[in-house]
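Beneath this line is the structure, given in structure tokens, with notes to follow.
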Amino acid sequence: MSDVLIVTEHRRGELRDVSFEMISAGRELADETGGKLHAAVISGDVDTFADQVNRDGVDAIHTISDGEEFNHDIYTQALEQLANELDTSYVLIPHSVNGLDYAPAVAEALSLPLVTDAVAHSFDGTLEVTREQYGGKVETTIEVEADRAALTIRPAEWPQADGMGEADISTFDAAIDESAIRSTVTGFEEAAGGDVDISEADVLVSIGRGIEEEENLPLIEALVEATDATLSSSRPVVDNGWLPANRQVGQSGKVVTPDVYIAIGISGAVQHVAGMKGADTIIAINTDANAPIYDLADYGIEDDLFDVVPALIEEFGGSVPDM
Amino acid sequence: MKVLVTVAEVAEVEDKFEVSDDEIAEQYLTYDLNEWDDYAVEEAVQLSEEEEDVEVITATIGPERSEETIRMTLAKGADRAVRVWDEAIESADYLDINSKADLLAAVVEEENPDLVLSGVQSGDKANGATGVSLAQKIGFEWGAVVNKLELDVDGGVATVHRELEGGVEEVTDIETPAVLTIQSGINEPRYASLRGIRQAQRKPLDVQTLEDISLDADVVESPLAQTSMYKPESESDTTMWTGSPEDEAAQLADLLRNKGVVDA
Ligand SMILES: Cc1cc2nc3c(=O)[nH]c(=O)nc-3n(C[C@H](O)[C@H](O)[C@H](O)COP(=O)(O)OP(=O)(O)OC[C@H]3O[C@@H](n4cnc5c(N)ncnc54)[C@H](O)[C@@H]3O)c2cc1C
Ligand SMILES: Nc1ncnc2c1ncn2[C@@H]1O[C@H](COP(=O)(O)O)[C@@H](O)[C@H]1O
């Protein structure tokens, strides 16, 4: 019997959705191993969080009240002690930005093999984990030839658990060594305000690394003008300083839900998709038929943007800039 | 001060490729400096330009082929490079996060840096884990997904912004020595100048075997095994518009007009 421990996530007083997805991912594994599903709630208002996490499928919830906001030193120490105490076989942590900041440390502290960014897992005596490589162009199966392991779980892959649970909620007294806390969160800042709010737009023309150079951007701007759309982009375009941060769609940018999203020269990396998968109609223009953007596009043009975009501008009666 | 940057050479897959025997054949792969490590190298080189006496060392686990990529980081301003490789690593079935962090930990032990910068993730494997795993092994403090860094060398504190989801940044003080995993966009990586490229040829690039860094071959053994690789099945049925670019454009335009989202 192998028990499963999931870790929930909260920020600035609120549980994040991924916490409820962790319940589904953890329950699925616990059903296959025949073990119990434990959930850890660490720092902040743990009692309120515990009540909210008490959804269908959770057997036990352990609250650890040290700390307010997320701190990886507290999380690492607390989880090392809790996993040892419960003797759990599998520790599941969100593959979120904060997950990236403590999952490898927890795996190391517990001497567990670590498989990150799982999109599926199955257990049949041995644990098998599915994860992507090469920007989502291939999937791989990783077999875990060990009785114990740590996994990080890709957000938005599993459904959120709902329904009232009947978990035992208990306090776990972790012995936190204060001298080992060598990082301090001093505040939060909102990045990217500014002139436009791309999340309000009905039609987004979104440009990615396929544009190659800043000098080519006027081509896309001409299309935006001819269609009266709004311009957005993937991350590299913002990283390069070609567009301001408020134009970025994705995990670390904005979540958008327009009627039409036209992705031009964008591969469809998971962190980009996190920001636009809710668009009503998705159109991709990409020379690479294997690009993951085609997994969710309703319509596609497998052709060179430098040929298609000028044709589109003319179609809408705009003028193609000299380049 | 010594800054060590972990630098991965990553593989990119051509548009058209085949998976056979659970592998992508070499002919479909091209190799390049990992995007996130490019930003990490730039951050280190900028530190060396701002502060007195900063030495920037890159550390790579990689075959001889990766020396071209490593030279590129030297051309961009790193002072010297360490490349770890030998037959045992070459023949490892699956070089997992733990093994890589063990190898890098041994290099850190030799070099004794004040600061280690790594990338948030490698573009090909995308584990997103090596830096923090390394930190825990060597007993350094750490911070993941850093998109702003101010270093107080004398005070022994790195004030960083960690880029969280949804445009929120966490401001954190981290005691040094530390490992920071660097997020893209933190700076503007420079291109290597011709002069830099010439100078890079003369900079030290030491190749170290497991024995050189006092490790046994079992460090590359792993309880993990990659048992299959395949192209994922598409979950959607995309309607592909075909024809000349004009034909394709016309079909897209029709859709937008029919939806009533454009007037033109
Ligand atoms: C913690 C974290 C957070 C992140 N947050 C975000 C985020 O919020 N938003 C985001 O977008 N990314 C984010 N990323 C980055 C993400 O992983 C990808 O690196 C990024 O989305 C890739 O952008 P892209 O698709 O424009 O570039 P690429 O992946 O390089 O794709 C370019 C595409 O253009 C196509 N192309 C090239 N030339 C042409 C042409 N002439 N005509 C047509 N097509 C062409 C190529 O086939 C390719 O598919 C994040 C990463 C991390 C680690
Ligand atoms: N083979 C390698 N050699 C040196 N550094 C590496 C290697 N693989 C990964 N890294 C470092 O670890 C970071 C995260 O990689 P990963 O955990 O594989 O996603 C990379 O950005 C590199 O800085």
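Every read-out reported here was derived from the displayed coordinates using simple, explicitly stated rules and does not represent laboratory data. Just so you know, these numbers come straight off a predicted model, no measurement behind them. With ideal geometry, Cβ positions are generated from the backbone for all residues, glycine too; neighbour counts draw on all protein chains shown.
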Determine, at each q value in 0.09 (inverse angstroms), the log₁₀ of I(q)/I(0) that the Debye formula gives when each Cα of chain A is one equal point scatterer. -0.55
Determine, for B:SER214, A:SER199, B:SER122, B:SER99, the number of other Cβ atoms within 10 Å of each Cβ, and report the residues in order from fewest to most. B:SER214, A:SER199, B:SER99, B:SER122
Less than 10 Å Cβ to Cβ from B:ARG190, Lys/Arg counted +1 and Asp/Glu -1: what total charge do the surrounding residues give? -2
Rounded if a/c is under 1.5, else prolate if a/b beats b/c, else oblate: with a ≥ b ≥ c from the C-alpha gyration tensor eigenvalues square-rooted, which is the protein assembly as shown? oblate
Going by C-beta contacts inside 10 Å, put B:ARG162, A:ARG27 in order with the fewest on the left. A:ARG27, B:ARG162
Percent antiparallel among DSSP beta bridges confined to segment B:1-133, rounded to 5, stands at 35 percent
Estimated dipole of chain A in Debye, rounded to 20 [Cβ of Lys and Arg +1, of Asp and Glu -1, Cα centre]: 340 debye
Residue order, fewest to most surrounding Cβ atoms within 10 angstrom, among A:THR140, A:THR8: A:THR140, A:THR8
Going by a ≥ b ≥ c, the root eigenvalues of the Cα gyration tensor, does segment B:2-220 fall in the rounded group (a/c under 1.5), the prolate group (a/b larger than b/c) or the oblate group? rounded
Sorting B:VAL261, B:ALA75, B:LEU210 by the position of each Cα along the dipole of the protein assembly as shown (Lys, Arg +1; Asp, Glu -1; all at Cβ), the one nearest the positive end of that ordering is B:ALA75
Calculated FRET value between B:ALA217 and B:TYR31, using beta carbons and R₀ = 22 Å, to 0.05: 0.30
Could you tell me the center-to-center distance, by alpha carbons, between segment A:1-47 and segment B:178-217 in angstrom? 39 Å
Set of segment A:259-296 residues, backbone N closer than 13 Å to the point 7 Å along the Cα-Cβ line of B:LYS231: A:288-292, A:294-295
Past 28 Å, Cα to Cα: identify those pairs from B:LYS100/B:LYS203; A:LYS137/B:LYS137; A:LYS36/B:LYS231; B:LYS2/B:LYS76; A:LYS137/A:LYS254, in the order given. A:LYS137/B:LYS137; A:LYS36/B:LYS231
By the scheme Lys and Arg +1, Asp and Glu -1, what is the net charge of all other residues having a beta-carbon under 14 Å from that of A:GLU14? -4
Shape of segment A:198-315, Cα gyration tensor, a/c cut at 1.5: rounded
For B:MET240, list long-range residues whose amide hydrogen, built 1.01 Å from N in the peptide plane, is under 5 Å from its own amide hydrogen. A:GLY300
Which residue, A:GLY194, A:GLY275, A:GLY136, has the most motion in a Gaussian network model of chain A that connects Cα atoms within less than 10 Å? A:GLY194
Report, by chain and number, residues whose modeled amide H sits under 5 Å from the one on A:LEU5, excluding near sequence neighbours (fewer than 5 apart, same chain). A:HIS38, A:TYR90, A:VAL91, A:LEU92
Counting helices only, and only those DSSP H runs with n ≥ 4, report the 222 nm mean residue ellipticity of chain A as the sum of -39,500 (n - 2.57) divided by its residues, in deg cm²/dmol to the nearest 500. -8000 deg cm²/dmol
